[in-house]
Amino acid sequence: MKASAYAPGKIILIGEHFVVYGKPAIVMAINIGVKVIAEKRADCIVHISSNLGFFGKYKNQKFESESMELNSRKHLEPVKIASETVLKELDKRCGLNIEIHSDLPIAVGLGSSGALAVSTVAAIGKLLGANFSEKEIIKLSFEAEKYVHLHPSGIDQAVSTYGGVIVFDRNRGVSRLNIETGIPIVIGNTGIQRNTGMLVKSVRIKKDMFANVINSLIHTGGQLTSEAIDVLKKGNLKQFGELMDINHGLLTALGVSNDALDRLVNSAKKSGALGAKLTGAGGGGCMVALSTSDNRKKIANAIRLAGGTPILAEKTEVGVKTWLNH
C-alpha cells in the first residue's frame, strides 16, 4: 500500500522579510505544488526519488547518491529529516520509499521546500495510520525547513497546509482571509536560485549596522500590511496594487532586490500591471504582478521579453490533502 499527499506552493503578496521581525504578511496558496508518495520497505533504508533529477538513499544514516547531480544531498536531506521526524513522533522504525513529483521550481520563492516538507510529513503520517491535524503537520515539518532556511518564519508550511489566502504573524499565528474577489496574478521567474537563509541574514546584519533606519522600515512594512489587509477585504485591487509597489520599494531599500527582479517588475508595470513586486526572499527568484483578468497574457509576454519565465497561476483554497493508493 502507498500513501500520497499534495501541498500547494505559495506567493507572498505583501510583507516578506518584515514577517521575520513580528510583522504580518499576506500569503496566497497557488495551484502548483508538490506531491509525495510514500511506501514502506522491509529494511531500514530511506530511498528517495524525484522528478527533478535527484535520487539517493540513506542507509544507516549514510547518504548514497544515485544521481549525477552534485547537490542531490542538499535537496534530499530535508525529505530525510521530515521522514525521521514523523517516525520519531509515531515511535516507528521502518524503511521508506519516497517519490517526489514537483511542479514548483526550486529556490525561487514559491515555497517549494515548504510544500515538500508538508507533503512528506502528511504522506508518511497517512501511510502509518496517523491523522495529523493541520497544526501538527506545520510543527512536524519545521525541522526540515530549518535545514533549508536556517531560521524559517513558518510562513511556507502554514500556507501549504491551510491553502487559500492567509495572514501570517509569528506572534499571533495564522488567520484566514475570505477573499471573494479573484486575485489575477502573473509570476515572473528570473531563473536565479538564491538562499533564503542567507538573505534573511543579510537583512539582520544591516539591521545591526543601521538599527534606527531598518527598524523604521520594518515598522512601515507592518503598517503597509495592515492597510493592505483592509484594502484586500474590500476587493479594491487597484489600491492593493499600489501597496505592492510600495512594498517592492521597501524591499529594495533593504537590499534584497536586484537588477533581474527590477527589470521584470518594471516591464510588468509598463504593460499595465496594477502592481508588481518581488515575492519571497529576493536576490533573484520570482516577482509577482497583479493584473486585471483580461491583461495577464500581455503582462506575461512583457516578462518574457524582459528575460523572465512567466507563470500563470491561480489562487487555490485547498491546502495539503492526503489519500491512500491501494
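Any read-out appearing in this document is the output of simple, stated calculations on the displayed coordinates, not a laboratory observation. All of these numbers come straight from a predicted model, not from anything done at the bench. Ideal geometry is used to build each Cβ from the backbone, glycine not excepted, and the neighbour counts take in all protein chains shown.
Relative to the Cα centre, the charge distribution of the chain, modelled as +1 at Lys and Arg Cβ and -1 at Asp and Glu Cβ, gives a dipole magnitude of about 120 debye. Exposure proxy for 1, 244: other Cβ atoms within 10 Å of each Cβ, ordered fewest to most, give 1, 244.
Dividing the convex hull volume of the alpha carbon atoms of the stretch 105-189 by its residue count, what do you get in Å³ per residue?
Numbers: hull volume 9.9 nm³, N = 85.
Normalising the Cα hull of the stretch 105-189 by residue number yields 116 Å³.
Straight-line reach from residue 269: which lysines have Cα under 17 Å away, leaving out those fewer than 8 places along the same chain? Once the sequence-local lysines are set aside, what remains near residue 269 is 238, 277, 297, 298. Using Cβ point charges alone (K and R +1, D and E -1), the dipole size of the stretch 185-313 about the Cα centre works out to roughly 260 debye. Sorting 268-279, 294-305 by their mean Cβ neighbour count within 10 Å, with the most densely packed peptide first, gives 268-279, 294-305.
In summary, the stretch 178-255 shows an alpha-carbon radius of gyration equal to 1.31 times the 2.2 N^0.38 Å reference for compact globular proteins.
Before anything else, pin down the relative contact order of the chain: Cα pairs under 8 Å, at least 6 apart, normalised by residue count, whole percent.
Taking the mean separation of contacting Cα pairs over the length of the chain, I get 26 percent.
With both residues required to sit in the chain, DSSP beta bridges show an antiparallel share near 90%. In the chain, with Lys and Arg counted as +1 and Asp and Glu as -1 at Cβ, which of these residues, 111, 278, 209, has the Cα nearest the positive end of the dipole, that is, farthest along it? The residue sitting most towards the positive pole is 209. Extending 7 Å from the Cα toward the beta-carbon at both residue 2 and residue 90 defines two label points whose distance is 1.7 nm. Take every Cα pair under 8 Å whose residues are at least 6 apart in sequence, average their separation, divide by the length of the stretch 119-216, and the relative contact order is 17 percent. Considering only 165, 34, 174, the Gaussian network model of the chain with Cα springs below 10 Å gives its largest mean-square fluctuation to 174.
Return the FRET efficiency for the residue pair residue 135, residue 259: r is the Cβ-Cβ distance, R0 is 35 Å, and the value is rounded to the nearest 0.05. The partial results should precede the final answer.
On the way: r = 41 Å, r/R0 = 1.17.
Plugging the Cβ-Cβ distance into 1/(1 + (r/R0)^6) gives 0.30.
More than 24 angstrom separation, counting every C-alpha pair in the stretch 185-313; what % is that?
Working: 2442 of 8256 pairs.
Above the 24 Å cut-off, the stretch 185-313 has 30 percent of its Cα pairs.
Of the labelled figures (i) 54, 51, 37; (ii) 46, 45, 44; (iii) 58, 45, 38, only one reflects Cα extents along the principal axes in Å as derived from the coordinates, namely (iii). What the Cβ-Cβ distance of residue 151 and residue 61 gives, at R0 = 22 Å and to the nearest 0.05, is a FRET efficiency of 0.30. Counting other Cβ atoms within 10 Å as a rough exposure proxy, the listed residues 248, 151, 101 run 151, 101, 248 from fewest neighbours to most. Ranking 125, 61, 188 by how far each Cα lies toward the positive end of the dipole of the chain (charges on Cβ) leaves 61 at the top. Over the stretch 29-101, the pair-distance histogram of Cα-Cα distances with 10 Å bins from zero comes to 19, 53, 24, 4 percent, rounded to whole numbers.
Can you give the relative contact order of the stretch 185-313 as a percent, counting alpha carbon pairs under 8 Å and 6+ residues apart?
Numbers: 208 pairs, mean separation 51.8, N = 129.
Averaging sequence separation for qualifying contacts and normalising by length gives 40 percent for the stretch 185-313.
Quick check on the chain: helices-only [θ] at 222 nm, where DSSP H runs of length 4 and up contribute -39,500 (n - 2.57) each and the sum goes over total residues. Nearest 500, please. The per-residue figure over the chain is -13000 deg cm²/dmol.
Sort 259, 169 so that the residue with the fewest other Cβ atoms within 10 Å of its own Cβ comes first and the one with the most comes last.
Numbers: 259 8, 169 19.
Arranged by neighbour count, lowest to highest, 259, 169 become 259, 169.
Using a 7 Å offset from Cα along Cα-Cβ at residue 325, what residues in the stretch 100-136 end up with backbone N under 14 Å from the label point? Hits in the stretch 100-136 for residue 325 at 14 Å: 100-102, 120, 123-124, 127.
Kirkwood radius and radius of gyration were both taken over the C-alpha atoms of the stretch 280-326, and their ratio Rg/Rh is 1.14.
Relative to the Cα centre, the charge distribution of the stretch 135-261, modelled as +1 at Lys and Arg Cβ and -1 at Asp and Glu Cβ, gives a dipole magnitude of about 280 debye.
Can you list the residues of the stretch 265-306 with backbone N under 20 Å from a point 7 Å past the Cα of residue 209, pointing along Cα to Cβ? Under cut-off, by backbone N: 281-284.
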